[in-house]
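Student: A single structure is presented below for examination.
The values are calculated or read from the model by the stated rules, or taken from the named source; none is laboratory data. As the structure is a prediction and not an experimental result, all values here were calculated from the model. Cβ: placed from backbone, ideal geometry, glycine included. Neighbour counts: every protein chain shown.
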Amino acid sequence: MTDETVDDKLPYGGLNPDTILAAVESTGLWCDGRLLALNSYENRVYQVGIEDQVPVVVKFYRPERWSDDAILEEHAFSEELAAHEIPVVAPTRLGGATLHHFDGFRLAVFPRRGGRLAELDQADNRLWMGRYLGRMHAVGAVSMFRHRPVFDVAQRGHGALETILQCGYLPSGLTETYVSVARDVLLRVEQAWQRGGDYQAIRLHGDCHVGNILWTEQGPHIVDLDDALSGPPLQDLWMLLSGDRHEMQGQLLDILEGYEEFAEFDPAQLHLLEALRSLRMLYHSAWLARRWHDPAFPMAFPWFAESRYWEEQILALREQMALLDEPPLTV
């Protein structure tokens, strides 16, 4: 299953502290009673104290989002990267397994890893990050996922728009304008995809933004491969760019200088950059619509159901139309 599945209205209704601790102890660990909820919306993630050991991080997977095979494939990818000495936070094997089941929930236990947010305003850090992603993509290109999704414009774009129209949160007075602008954007996205030509889809992190990158004295490490998929390598690069065109051009060159020490980059993919950004905007709105029945979402994103949010989305999509008409960045 994929994250397009409609969940129950209370997907974590039975996940109380007693259940969390009992689930962790079912893996063979012995909890000391300390429990701290960590910031997460799609899944539920907790830091759990362990007797005479450092605390662990436990992820409870959203029911029905992924199949067991898809989760295990994500875990195997993490372990494969770790085996190549590429710093990732891979799940801990307990009793020979990385995925555990308890009282209708699925969970995985991870080592606790600290770090600071990546400071990608520094050229040296961008070069370092490029090397890291080049190494990761070199491993990602070795084989393909069988159970995880392939990045697809139809699902990320047209499917997302359909979800938005069905959700009932788009104000009626803005619907016609939003749909018209979104369809104009999707037309340009499809044209950009044609200009980008054929590319080798590889295994990716899939959601490589700075919030999923932690930095230590040893450099970057990536957390949360929950959105791992197959797709264009640029999907793991473009979210590291920010600012105006001139700023992004310089950032891109730094990242690619490090990246190409380990993996080849096809410049034709740069036609996809603003297309990927546009698809992420549509997909994010659709994600909020699909998850709105989860009580955590109205509390965290109260503005989603307001007209102002959709007015801002219309403006942002119009800006994307203009960016999609511009020449791509260069290398």
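Student: Could you check, for region 222-234, whether at least one of its residues is surrounded by fewer than 18 Cβ atoms within 10 Å (Cβ to Cβ) and of a type in the set (Gly, Ala, Ser)?
Tutor: Looking through region 222-234, none of the residues is surrounded by fewer than 18 Cβ atoms within 10 Å (Cβ to Cβ) and of a type in the set (Gly, Ala, Ser).
Student: May I ask you to list the residues in region 40-70 that are outside any loop (DSSP other than H, G, I, E, B), out of contact with any helix residue (DSSP H, G or I) (no Cβ under 7 Å at 6 or more places or on another chain), among the hydrophobic types (A, V, I, L, M, F, W, C) and closer than 18 Å to Tyr12 by Cα? I'd like the intermediate steps shown before the answer.
Tutor: Filtering region 40-70 for residues outside any loop (DSSP other than H, G, I, E, B) gives 44-50, 53-60, 68-70.
Okay, now just the ones that are also out of contact with any helix residue (DSSP H, G or I) (no Cβ under 7 Å at 6 or more places or on another chain), so 44-45, 47, 49-50, 53-57, 59-60, 68-70.
If we keep only those that are among the hydrophobic types (A, V, I, L, M, F, W, C) as well, we get 45, 50, 54, 56-57, 60, 70.
Matches in region 40-70: Val45, Val57, Phe60.
Student: Here are Asp254, Asp236, Asp244: which of them is of a type outside the set (Val, Ile, Thr), closer than 29 Å to Asp325 by Cα and free of Cβ contacts under 8 Å to residues at least 24 places away in the same chain? Outline the logic, then answer.
Tutor: Values: Asp254 fails: free of Cβ contacts under 8 Å to residues at least 24 places away in the same chain; Asp236 fails: free of Cβ contacts under 8 Å to residues at least 24 places away in the same chain.
Of Asp254, Asp236, Asp244, the one residue that is of a type outside the set (Val, Ile, Thr), closer than 29 Å to Asp325 by Cα and free of Cβ contacts under 8 Å to residues at least 24 places away in the same chain is Asp244.
Student: I would also like to ask the following. Quick check on my filter: what residues within region 6-54 are of a type in the set (D, E, K, R) and within 19 Å of Arg65 (Cα to Cα)? Reasoning before the result, please.
Tutor: Within region 6-54, the subset of a type in the set (D, E, K, R) is 7-9, 18, 25, 32, 34, 42, 44, 51-52.
Asp7, Asp8, Lys9, Glu42, Arg44, listed by residue number.
Student: Next question. Looking at Ala322, Ala316, Ala275, which one is assigned to a helix (DSSP H, G or I) and surrounded by 20 or more Cβ atoms within 10 Å (Cβ to Cβ)? Quick ask: steps written out before the conclusion?
Tutor: Numbers: Ala322 fails: surrounded by 20 or more Cβ atoms within 10 Å (Cβ to Cβ); Ala316 fails: surrounded by 20 or more Cβ atoms within 10 Å (Cβ to Cβ).
From the options Ala322, Ala316, Ala275, the qualifying one is Ala275.
Student: For Glu176, only one of the following conditions fails: (1) of a type outside the set (Phe, Trp, Tyr); (2) farther than 20 Å from Ser285 by Cβ; (3) part of a helix (DSSP H, G or I); (4) out of contact with any helix residue (DSSP H, G or I) (no Cβ under 6 Å at 6 or more places or on another chain). What is its number?
Tutor: Here Glu176 clears every test but (2).
Student: Take Ala108 and decide whether it is at pLDDT 95 or above and farther than 26 Å from Trp193 by Cα.
Tutor: Answer is yes for this residue.
Student: Something else about it: If only one of Leu282, Leu323, Leu317 is in contact with a Phe, Trp or Tyr (Cβ under 9 Å, 6 or more places away or on another chain), under 23 Å from Gly159 (Cα atoms) and in contact (Cβ under 8 Å) with a residue 12 or more places away in the chain, which one is it?
Tutor: Result of the check over Leu282, Leu323, Leu317: Leu317.
Student: Let me ask something else. Would you say Tyr169 is at pLDDT below 95 and either closer than 25 Å to Asp244 by Cβ or assigned by TED's automatic domain parsing to the domain that holds Glu257 (or both)? Step through it out loud before you land on a result.
Tutor: Working: at pLDDT below 95: yes; either closer than 25 Å to Asp244 by Cβ or assigned by TED's automatic domain parsing to the domain that holds Glu257 (or both): yes.
Judged against the criteria, Tyr169 is a match.
Student: Which members of region 80-97 meet the condition of being of a type in the set (D, E, K, R) and either modelled with pLDDT under 95 or under 12 Å from Ala108 (Cβ atoms) (or both)?
Tutor: Arg93
Student: Could you please give the count of residues in region 59-85 that are in contact (Cβ under 8 Å) with a residue 24 or more places away in the chain, over 16 Å from the mean Cα position of the chain (by Cα) and surrounded by fewer than 21 Cβ atoms within 10 Å (Cβ to Cβ)?
Tutor: First pass over region 59-85, keeping only residues in contact (Cβ under 8 Å) with a residue 24 or more places away in the chain: 59-75, 77-78, 80-81, 84.
Filter once more, so that each one left must be over 16 Å from the mean Cα position of the chain (by Cα): 60, 63-64, 67-69, 72, 80-81, 84.
If we keep only those that are surrounded by fewer than 21 Cβ atoms within 10 Å (Cβ to Cβ) as well, we get 63-64, 67-69, 72, 80, 84.
Going through region 59-85 one residue at a time, the tally reaches 8.
Student: Looking at (1) part of a loop (DSSP other than H, G, I, E, B); (2) closer than 21 Å to Leu225 by Cβ; (3) touching a residue at least 24 places away in the same chain (Cβ under 8 Å), which is the only condition Ala108 fails?
Tutor: Failing condition for Ala108: (1).
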